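Accompanying notes for the structure given below.
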Amino acid sequence: MLRTPVSGTRLEILEWLKDPLAHFPQQRRADAVAHGVRTAHVAAKLGVPPRVAQAHLDLLVDLGLLRTLRVRRRTYYRRDEVRIAEVARMFEKGW
């Protein structure tokens, strides 16, 4: 997979994570808004294997656009609104 920061899939994931309750099923052990969404839910929504979804999520984490939270053996992903706003301002200024 190409490691480009911007792709339709990654933008979709970021959009879905704006309102996780509207886009992902209820989680038993964690609040989707407070904790985030698991890789399995993102993979199911994309219709891809979990390892493909994981690659997208890892790149978004590396860019600082997503934050992770580990609860036992599970990792939850949620948007980092502060970092997303910083990146948006950089592009508005012409980088």
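The values are calculated or read from the model by the stated rules, or taken from the named source; none is laboratory data. As the structure is a computational prediction, the values presented were derived from the model and not from experiment. So basically every Cβ, Gly included, is an ideal-geometry build from the backbone, and we count neighbours across all protein chains shown.
When only residues in segment 38-95 that are loosely packed, with under 12 Cβ neighbours inside 10 Å and of a type in the set (A, V, I, L, M) count, which is modelled with the highest pLDDT?
Val82
Please verify whether segment 19-35 includes one or more residues that are surrounded by 12 or more Cβ atoms within 10 Å (Cβ to Cβ), on the phi < 0 side of the Ramachandran plot, touching a residue at least 24 places away in the same chain (Cβ under 8 Å) and among the aromatic types (Phe, Trp, Tyr).
Within segment 19-35, none of the residues are surrounded by 12 or more Cβ atoms within 10 Å (Cβ to Cβ), on the phi < 0 side of the Ramachandran plot, touching a residue at least 24 places away in the same chain (Cβ under 8 Å) and among the aromatic types (Phe, Trp, Tyr).
Just name the residue that is nearest to Gln54 (Cα to Cα) out of those in segment 10-27 that are in a loop (DSSP other than H, G, I, E, B) and modelled with pLDDT of 75 or more.
This residue is Phe24.
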